[in-house]
There are 2 protein chains.
Amino acid sequence: MAITQSADNRHSKPVLVAVNNTLDENDGLEALRSHALFSSLKSNDLDSLIHQSRRLRLGHHQLLYRQDMPAHHFFFVLSGRLRLYRLDSSGIDRTLDSIAPGDCFAEVMIYADPPRYACYAEALKSSEVLMIPVKAYQELLDQRPEYAQAALRHYAMRAVSRFHDLEIMTVQNARDRLIRYLIDLLPNGTHEGGEVELPLPKCLVASRLAMQPETFSRILADLKANGLVRVNRSKLFISDPQRLIAISQ
Amino acid sequence: MAITQSADNRHSKPVLVAVNNTLDENDGLEALRSHALFSSLKSNDLDSLIHQSRRLRLGHHQLLYRQDMPAHHFFFVLSGRLRLYRLDSSGIDRTLDSIAPGDCFAEVMIYADPPRYACYAEALKSSEVLMIPVKAYQELLDQRPEYAQAALRHYAMRAVSRFHDLEIMTVQNARDRLIRYLIDLLPNGTHEGGEVELPLPKCLVASRLAMQPETFSRILADLKANGLVRVNRSKLFISDPQRLIAISQ
DNA sequence: TTGAGTAGTTGAGTTAAGTCAACTATTCGC
DNA sequence: GCGAATAGTTGACTTAACTCAACTACTCAA
């Protein structure tokens, strides 16, 4: 069955209206089975949850949900990439996070009353997500309270991760914020160099780090000129993270 | 029995060494019973948890725990006030949160492996905290998995709250960050004015908002000169929050 | 109560980062 | 593969915020 959704883009558009395709294909669900939230679930419990979920395709810049909208679903990213952002009273768009395939998100407001999304979520490119009904998950937790431990662990990690994000933002100058952001993207910590891919377009990384796109561009050009990073589109190669850290002081 | 603790202050000192006073006094525990984490606990389960906990007095500037220290306890504030901070590689002290009586904290790393504290915690003035052993709480959750739901709700709220803190920090100028910080301190939202008390000394609020103390002082002086706030030590009176929001654009 | 130490304020000069504008490069839909 | 729209870069100029310094006001403990 077709995915029914209002197809508008950007801030102006209505969002998810109704979706009724059943999830008959099984591809992409291995990642779901190995996610920390679901790996402890008994096979039939997970199957039941998946059965009640829907697969949803999103186009470039398509909005998945709005801030303060009642939250009936949470999401698992099968492919593509999404971003979370908030709009303040003056309508300024503040990017707060990006979500990659294999990530589970939007759980944050589930236990608020009434449950509402804490931000906007939109696709950065064409993406596919699994919509998991909050009600189905809560019923599962009611039946098997031992599953809550995995959820607890997941939330605790998320809180620590946001705490760390906040730490970076208390760094007072733009260059050092950017350097710390890049270091955190390195998979193997600070001892090994490596290639990192910016999880957002540069202008949105700039917004996430509370600086102007021009400032971001200039800082990156300067790091490049000093041989600290090599830049190839959204891919950055950092050969010596220790040197980067050293200059950020 | 006496509280045994190395009594040094500030960054140099060792911390909690051993504590062995039993919690025989009962005052201050009503707040604990009404905390979201514990209010759903059966009376005897909570009593057992309290029985395994210890009351701890902290002096002004005394350190409770260090970042990366194994986390054997989490804490409930009975009186006083604490702050959470991190030290980066250059030793700069970054204040990230303050904790008031009735708050429960340090839970964040409990489910990491190995469980470790994600930051430093120190008393801002003489304070009293309840040290709850992580092990005792985990055993309780193992026995009664239904209790995990309350913990889940608590963590979810914390994650949203950190998310919101992050949003403020993506605001690019110091004045608007300070205004949004003040607005968030108002108990009744933005429609009513009121008096707020800064939860940290001004120099630490400045650090929390990624600005210099001088900048903080100048912005506050300017808001005062424009009749937007009245300042009395750490107490601020905001008569018209809407006007404050209006100028922050 | 006093005096040392910390916290907060104010001024003057400097610098980092924002703004505006012009331009180039890239992406995506047709 | 073309062209419009978006994203990214660079330069010139302006402004917000930092730095350093001098000072005042608290706080706490002897």
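The values are calculated or read from the model by the stated rules, or taken from the named source; none is laboratory data. Predicted model, so just to flag it, every value in this text is computed and none were measured. All Cβ positions, glycine included, derive from the backbone under ideal geometry; neighbour counts span all protein chains shown.
Points to keep in mind about this one:
- The residues listed here are B:ARG162, B:ARG208, B:ARG177, B:ARG218; of these, the one that is within 16 Å of DNA strand D (Cβ to nearest atom), without any contact (Cβ under 8 Å) to a residue 40 or more places away in the chain and buried (at least 20 other Cβ atoms within 10 Å of the Cβ) is B:ARG177.
- Among (1) within 14 Å of chain B (Cβ to nearest Cβ); (2) crowded, with 20+ Cβ neighbours inside 10 Å; (3) closer than 30 Å to A:MET169 by Cα, the one test that A:VAL77 misses: (1)
- Neighbours by Cβ (under 8 Å, 6+ apart or cross-chain): first from segment B:42-63, over 19 Å from B:TYR120 (Cβ atoms) and away from every other protein chain (no Cβ under 14 Å); second within 16 Å of DNA strand D (Cβ to nearest atom) and at pLDDT below 95: B:ARG55/B:GLU128
- Selected residue (only one of B:ARG175, B:ARG180, B:ARG162 is over 26 Å from B:LEU29 (Cβ atoms) and more than 9 Å from every other protein chain (Cβ to nearest Cβ)): B:ARG175
- Restricted to segment A:191-210, and to residues there that are of a type outside the set (Lys, Arg) and at the interface with another protein chain (Cβ under 9 Å from one of its Cβ atoms), the residue that is nearest to B:SER90 (Cα to Cα) is A:LEU209.
- Qualifying residue in segment B:120-143 (condition: among the aliphatic types (A, V, I, L, M), more than 12 Å from every other protein chain (Cβ to nearest Cβ) and in contact with a Pro (Cβ under 8 Å, 6 or more places away or on another chain)): yes
- Condition check for B:PRO101: facing chain A (nearest Cβ under 10 Å) and not hydrophobic (A, V, I, L, M, F, W, C): no
- Number of the condition not met by B:PRO199 [criteria: (1) assigned to a loop (DSSP other than H, G, I, E, B); (2) free of Cβ contacts under 8 Å to residues at least 60 places away in the same chain; (3) within 26 Å of B:TYR65 (Cα to Cα)]: (2)
- For segment B:81-94, the tally of residues that are crowded, with 19+ Cβ neighbours inside 10 Å, more than 11 Å from B:ALA118 (Cα to Cα) and within 11 Å of the chain's Cα centre (by Cα) stands at 2.
- For segment A:57-66, the criterion of being at pLDDT 90 or above, within 12 Å of the chain's Cα centre (by Cα) and away from DNA strand C (no atom under 16 Å from the Cβ) is satisfied by no residue at all.
- Of all positions in segment A:212-231, at least one carries a residue that is assigned to a strand (DSSP E or B) and either more than 13 Å from every other protein chain (Cβ to nearest Cβ) or away from DNA strand C (no atom under 16 Å from the Cβ) (or both).
- Some residue of segment B:228-246 being within 17 Å of the chain's Cα centre (by Cα), surrounded by 14 or more Cβ atoms within 10 Å (Cβ to Cβ) and either touching a residue at least 24 places away in the same chain (Cβ under 8 Å) or not assigned by TED's automatic domain parsing to the domain that holds B:TYR85 (or both): no
- For segment B:193-216, the criterion of being touching a Pro at 6+ places or on another chain (Cβ under 6 Å) and hydrophobic (A, V, I, L, M, F, W, C) is met by at least one residue.
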